[in-house]
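As structure tokens, the structure follows; a few thoughts come after it.
The values are calculated or read from the model by the stated rules, or taken from the named source; none is laboratory data. Not measured: the values here are computed from a predicted model. Cβ coordinates were reconstructed from backbone atoms using ideal geometry, including for glycine residues, and neighbour counts include every protein chain displayed.
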């Protein structure tokens, strides 16, 4: 038996090495850009953190709770003195650890997540809790896939019909359940005043991000840097992160980069560090991504938490509805409004096409892209669907298509 | 800040319409808001009184419509239509003193941190036709009195038996007369029992549910009838709506149409009172906008929401729609 | 147009399987040649251009400009213009078909492209197969090796075949094993070849889809020389296809003729 | 006045004179300029009809007091005879309180009939023009003087009215209250100095009718002196009480009870059973 373990240990150490190099090379790629500036260094450091969870726990100084899709309100975690770590990762090398247990044609992000999970499990203390909103069918399998301890995992049953009273009410109950779960796990009572101040803190972050999005829409900020900032969200305590964001705003105001070529809107499956393949290819093809609705980029902050009243229930209701109703994840049954964001951006900014990124095996976004394609083409907007995964082998093919798309 | 301006306007008109008469200020007898004429020295009289009134309202016999009094009735109707065309639902959200009274109860409840009593969607929809029934009641009874010989004591049916403003507003002028039960005869007794009981229930309703009476207010119907020809427009840019639901949750009247509207522009529904709370809490730029002729009075913007809901840099509770 | 008479431009298409060079004079293909890809594409291209000029009896200074396109376009530096092959294809087919083409299906070495273009040759929309190289030039090379008949003879043999055998595998790897089993079963080579054509045709038809194929459909790229394949695709698409004289050089021709038109963006 | 009116004896034998005579209100009409004209009739309780004489021995004095102060003297109103019954009409341009006094005698009986009435003229401008200005009432006239108070302009049952009897109170035989000519069982006593406090009782019939319904209650004082009999009547136009029947305590209790009931219902039922 032990040689089996030895073999597995050797595989794990090699994969850790490969993951290390993949993160390093991605970081060097970002640093090698001509518009690199020390102000971005903070975010690139953060982006390296998912590898060593202890590092993150030390930096954050709070118990870390892992979570997957971002429908679980961050403010709740923050108000209870807990730090949510987004397990999502775009590391191809980590996928090799979990490749054996999964079909070939499967969402590469989830393979990467499970891989990183196994990497972390071996070397560092296991997380004290894990919160998983039940978005798509694979995320739902997460606990069984990683045969994690069911006690530690809390599934937030996401109602897939949002504009119904039952759906909203059940999601509010899930929010109450999440509070109860975290209280029982962390032994911390959630108080109204703490929740109110957390909402304030995150609203300040939302405001700063809002200004960054405006800079990006005006073409003064390359998409890759915006995604670096977005991906580093919640990899550091929120206050220093927001302050650093203010500095970035100052930097972008001071010397903005000129938007080259055709404005494009990037939609579809999440794009995660270290795999910024598609945005880089789009940039290489002479287009600038002026806006996106990726749930790891702009869509982390879709709306604003505007509580109608100050009571505990009022705050929780505002949070539950904002994270539930404003999300455009295609796993929702009534998702007609997803195109609204795109049309909204198209009306106001020089965006002349939509590139829809689909991770191979990510069926919700794939199927949704056809509906979106029909709607956009009927509105006369050029549309290009790129179905790819975390490997580099089809770069040429994608580059050709992007260059051709730039012509339309 | 729009809601600050609204608070100022509301309280200015509360004083004017409740105590204006003592200083000679009177806005006439056809106001499209609940400025209750039973308040001694009120600054203007709610049109519902003129509508039901026997001298210049529906209760006047058909014969008199040709005479001076008939002209007076048409004068009041014309004045009401003019005032409604000018300000449409602003009368409800910004001027109505009874609305301001209800808002005080809501501020009090929020200050105490008590949760609002939520109506389920079906319950809310079941309440919608009530105001039409009240309007019909208010129109039919005076006609019966005038033409079918109904006893005169049924006069002013809505005011004397339903409207909670009649018992509550005069309290601000120091008169508790309308809180008393009138044992003159059975009709006045039943009317006064109904009036006081409804006022008691409304008082609590106002405390737990924001703008509770406005759900049943027939004035909404009258103003809503003139929405097509009124210059006030409340529009939604359907293409840019994120669907985040802030407008539905923050609406005092729990209106769902603004949130659910996905096709056409006009979203001024029958219950809306143009308090613009939804427009103030909409984080998407330019989605909801209120227009008067071609001028845009106010439209939603992300910066406004940021300024409104984020307290300047000191810890403490959320700066909420106070 | 006297001015056009004397303008001589060169178009280089560095494809995945072949390097194609075209010399264009007066809007016409004056000279064209294709050689299999080999390392040092830049040198090969220059040599081919020199050969072409010699064939036309022109000197190199008459060559006003060269344009580069295709997968390897990044390898040649100092070329007049770099154009992506989809736009080049669209422009090329438009000029060669005198503006009649609305849709062009390009079966290249590694990919299959379905391109829709406007009357002026401007790109409207396009579809490409993703990573899988089924139904492309590579597929025919592999089949040729197994059937040990050169790819050039696929056309006539396919046309001659009477009742093609049904090959349901389009994947190049599995198709090989299927071909071997058919040969073992003694099926005539012609029937296997036409069966291959039909399976490729099905693959192209599914990619192209039937809805948005506007008329005057053209087929180009190296595989277009293969008459059997053209017949199979026409049969699958239930639409008639036009094939020009030198289908393999359309993209290079489009790149060369793009020199006269200012860049679009 | 279509109602039956007791007739007046043809000749002047004191026996035929009616026992009691009082003023009653006729209909009210609004002129085009907004002022109103109120008609008044004289009525008597005895069966012989009250006949107008060829030379009317009745004089009518009236005074209109409108919002801005007392009008000095009394004016004379022309008394006409229509339908065999003495009749007069007063025109009032603004909101004013009318004090009407009719004096007459028949045989040995001297009658004084008085009335106070609130008239709401809405004329656009100008004061009401007195028909004929006349100084004070004739001296020594037996009459009731109702102490004016803001509450009495709208006479209603249940209010207290303070009368002062001008005449020698000593020889007043009786003071009684009449309704439609019939004597009510109450007997009032006149104080030495002529003061009388009278509180009309609530009338269930009046309460059941409309608030504008008027019940005419006549206060009669009989006085016999030097062989003559003085009959002084004062007509009270009583409406149903405006605020006597109000019970504020019951109202407030009901109000509070409903509030508590509603609060209980809301807290228990209407606030969704959430986890917290």
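For this structure, a couple of remarks:
- Taken over region C:82-95, the residue count meeting the criterion of being crowded, with 24+ Cβ neighbours inside 10 Å, in contact (Cβ under 8 Å) with a residue 60 or more places away in the chain and in contact with a helix residue (DSSP H, G or I) (Cβ under 6 Å, 6 or more places away or on another chain) is 8.
- Exclusive hit being in contact with a helix residue (DSSP H, G or I) (Cβ under 9 Å, 6 or more places away or on another chain), under 21 Å from residue B:131 (Cα atoms) and modelled with pLDDT of 80 or more, set B:45, B:50: B:50
- Pairs linking a residue in region D:243-258 that is more than 7 Å from every other protein chain (Cβ to nearest Cβ) to a residue that is not in a helix (DSSP H, G or I), with Cβ atoms under 6 Å and 6 or more positions apart or on different chains, are D:244/D:158.
- Options A:188, A:179: the member that is in a loop (DSSP other than H, G, I, E, B), within 24 Å of residue A:62 (Cα to Cα) and in contact (Cβ under 8 Å) with a residue 60 or more places away in the chain: A:188
- Odd one out for residue A:165 among (1) within 13 Å of chain D (Cβ to nearest Cβ); (2) touching a helix residue (DSSP H, G or I) at 6+ places or on another chain (Cβ under 7 Å); (3) in contact (Cβ under 8 Å) with a residue 12 or more places away in the chain: (3)
- Those helices (runs of 4 or more DSSP H) lying entirely in region B:138-233 with at least 3 residues within 14 Å of chain D (Cβ to nearest Cβ) and under 22 Å from residue D:263 (Cβ atoms): B:165-168, B:186-208
- The set of residues in region B:1-28 being in contact with a strand residue (DSSP E or B) (Cβ under 8 Å, 6 or more places away or on another chain) and under 16 Å from residue B:274 (Cα atoms) consists of B:2 alone.
- Residue B:100 vs. criteria modelled with pLDDT of 95 or more and either under 18 Å from the mean Cα position of the chain (by Cα) or surrounded by fewer than 22 Cβ atoms within 10 Å (Cβ to Cβ) (or both): yes
- Residues in region D:143-175 that are surrounded by fewer than 18 Cβ atoms within 10 Å (Cβ to Cβ) and in contact (Cβ under 8 Å) with a residue 40 or more places away in the chain: D:148, D:153, D:154, D:158, D:168, D:171, D:173, D:174.
- Residue A:34 vs. criteria part of a loop (DSSP other than H, G, I, E, B) and within 23 Å of residue A:246 (Cα to Cα): yes
The rows are residues; the columns are (1) buried (at least 21 other Cβ atoms within 10 Å of the Cβ); (2) at the interface with another protein chain (Cβ under 9 Å from one of its Cβ atoms); (3) within 19 Å of the chain's Cα centre (by Cα).
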site	(1), (2), (3)
A:300	no, no, yes
A:303	yes, yes, yes
A:357	yes, no, yes
A:396	no, yes, no
A:404	yes, yes, no
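- Flag if residue C:187 is surrounded by 19 or more Cβ atoms within 10 Å (Cβ to Cβ) and either within 30 Å of residue C:84 (Cβ to Cβ) or modelled with pLDDT of 80 or more (or both): no
To keep it simple, each residue is scored yes or no on (1) at pLDDT below 85; (2) under 22 Å from the mean Cα position of the chain (by Cα).
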| residue | (1), (2) |
| --- | --- |
| A:1 | yes, no |
| A:7 | yes, no |
| A:22 | no, yes |
| A:31 | no, yes |
| A:36 | no, no |
| A:42 | no, yes |
| A:45 | no, yes |
| A:53 | yes, yes |
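- Scanning region A:374-394 for residues that are over 23 Å from the mean Cα position of the chain (by Cα) and more than 9 Å from chain C (Cβ to nearest Cβ) yields A:374, A:375, A:376, A:378, A:379, A:380, A:381.
- Qualifying residue in region A:204-223 (condition: part of a loop (DSSP other than H, G, I, E, B), farther than 27 Å from residue A:343 by Cα and in contact (Cβ under 8 Å) with a residue 60 or more places away in the chain): no
- Options C:223, C:205; residue that is crowded, with 17+ Cβ neighbours inside 10 Å and either out of contact with any helix residue (DSSP H, G or I) (no Cβ under 7 Å at 6 or more places or on another chain) or farther than 23 Å from residue A:387 by Cβ (or both): C:223
- From the list A:85, A:97, the one residue that fits, being touching a helix residue (DSSP H, G or I) at 6+ places or on another chain (Cβ under 7 Å) and assigned to a strand (DSSP E or B), is A:85.
- The residues listed here are B:124, B:115, B:110; of these, the one that is within 14 Å of chain A (Cβ to nearest Cβ) and surrounded by 20 or more Cβ atoms within 10 Å (Cβ to Cβ) is B:110.
- Picking from residues in region B:54-74 that are surrounded by fewer than 23 Cβ atoms within 10 Å (Cβ to Cβ) and in contact (Cβ under 8 Å) with a residue 24 or more places away in the chain, the one that is nearest to residue B:38 (Cα to Cα) is B:54.
- Candidates A:240, A:270, A:256 - the one that is part of a loop (DSSP other than H, G, I, E, B), more than 14 Å from every other protein chain (Cβ to nearest Cβ) and at pLDDT 90 or above: A:270
- Single unsatisfied condition, residue A:115 versus (1) buried (at least 18 other Cβ atoms within 10 Å of the Cβ); (2) over 18 Å from residue A:390 (Cβ atoms): (2)
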